[in-house]
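Shown next, in structure tokens, is the structure this report addresses.
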Amino acid sequence: MPLQDDVILYISICLLSYLIGDIPFAFIFSKMVKRIDIRYEGEGNVGARNVLHIIGKPYGILVALLDFSKGFVIALLCLSFKLPFYITVIAGFSVVLGHDFPVFLKFKGGKGVATALGFLLGLYPIPTFATLFLMLIIFSIKRYYLFAMAIGIASLPVLWMPLFKHSIKEIIFTVSFLSFLGIKRIIDIPHMRRVRETSGWDKR
């Protein structure tokens, strides 16, 4: 394949990754079912957890699976085209950026955890599955979602990827990729604080 064709393919996949990430399933279902803007309800997050609390458990699970599938599909696409590692990295960041900063919602999106884990599961199935299993165990014991998520996510590059002999560059990418989720959470704090105060979320 000529170099020019390679460049067009790489740009197309990264753009497609952003556009797929841009699909705001939480917003769509909240509008369809309750005719509300999920960005200004509950905890103010355009994600499955907020949908679960505001609309109901079935819709929350559905949104989580759909958001997860966005990242998973992009990972499989990168693998099927046998893209260079750096392009796969850009595609991974693009799908999460699309979820976190969707142009259709004036860049007010979710946190990207499900989408990021879907992408990592596609790339590194065994260590990511171990991470998800650990998160499930911790949540079943503590019943605290954020604690289970934090421990589970931290275990991926610290424990599971070295155990299953992944390369240093893959581990560094995973640390950077997951660190972006923490940065997005910090960015969202002012907006979520305002919405929680008006919605009464903190009094639940």
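Within the range 66-91, restricting attention to residues that are over 22 Å from Ser176 (Cβ atoms) and in contact (Cβ under 8 Å) with a residue 12 or more places away in the chain, which residue is surrounded by the most Cβ atoms within 10 Å (Cβ to Cβ)? I'd like the intermediate steps shown before the answer.
Pass one, the range 66-91, residues over 22 Å from Ser176 (Cβ atoms): 66, 69, 80-82.
Next, only the ones that are in contact (Cβ under 8 Å) with a residue 12 or more places away in the chain stay: 66, 69, 81.
Working: Leu66: 18, Ser69: 16, Phe81: 14.
In this case the residue turns out to be Leu66.
Identify, please: which residue in the range 135-152 is among the aliphatic types (A, V, I, L, M) and either in contact with a helix residue (DSSP H, G or I) (Cβ under 8 Å, 6 or more places away or on another chain) or more than 27 Å from Ser17 (Cα to Cα) (or both) and is, among those, surrounded by the fewest Cβ atoms within 10 Å (Cβ to Cβ)?
As a first pass, look at the range 135-152 and keep what is among the aliphatic types (A, V, I, L, M): 135-138, 141, 146, 148-151.
With either in contact with a helix residue (DSSP H, G or I) (Cβ under 8 Å, 6 or more places away or on another chain) or more than 27 Å from Ser17 (Cα to Cα) (or both) added as a condition, the list becomes 135-138, 141, 148-149, 151.
Numbers: Met135: 20, Leu136: 12, Ile137: 13, Ile138: 19, Ile141: 10, Ala148: 19, Met149: 19, Ile151: 16.
That would be Ile141.
So how many residues does the range 14-41 have that are farther than 17 Å from Leu62 by Cβ, part of a loop (DSSP other than H, G, I, E, B) and of a type outside the set (Lys, Arg)?
Qualifying residue count, the range 14-41: 3.
So which of Leu117, Leu123, Leu132 ends up being without any contact (Cβ under 8 Å) to a residue 60 or more places away in the chain, surrounded by 19 or more Cβ atoms within 10 Å (Cβ to Cβ) and over 12 Å from the mean Cα position of the chain (by Cα)?
Result: Leu123 is the single residue among Leu117, Leu123, Leu132 that is without any contact (Cβ under 8 Å) to a residue 60 or more places away in the chain, surrounded by 19 or more Cβ atoms within 10 Å (Cβ to Cβ) and over 12 Å from the mean Cα position of the chain (by Cα).
I need the full set of residues from the range 55-64 which are surrounded by 14 or more Cβ atoms within 10 Å (Cβ to Cβ), among the aliphatic types (A, V, I, L, M) and in a helix (DSSP H, G or I), in order please.
Listed by number, the residues that qualify are Leu62, Val63, Ala64.
Would you point out which residue out of Gly60, Gly71 is within 12 Å of the chain's Cα centre (by Cα) and of a type in the set (Gly, Ala, Ser)?
Details: Gly60 fails: within 12 Å of the chain's Cα centre (by Cα).
Only one candidate qualifies: Gly71.
For the range 181-201, give me each residue that is buried (at least 17 other Cβ atoms within 10 Å of the Cβ) and under 29 Å from Leu121 (Cβ atoms).
Those that are buried (at least 17 other Cβ atoms within 10 Å of the Cβ) and under 29 Å from Leu121 (Cβ atoms): Leu181, Lys184, Asp188, Met192.
Please work out which residue is nearest to Pro190 (Cα to Cα), limiting yourself to the range 32-72 and to residues that are of a type in the set (D, E, K, R) and modelled with pLDDT of 95 or more.
Looking at the filtered set, the residue picked out is Asp67.
The values are calculated or read from the model by the stated rules, or taken from the named source; none is laboratory data. Remember, predicted model here, so these are calculated numbers, not experimental data. When we count neighbours, we look across all protein chains shown, and the Cβ atoms used for this are built from the backbone with ideal geometry, even at glycine.
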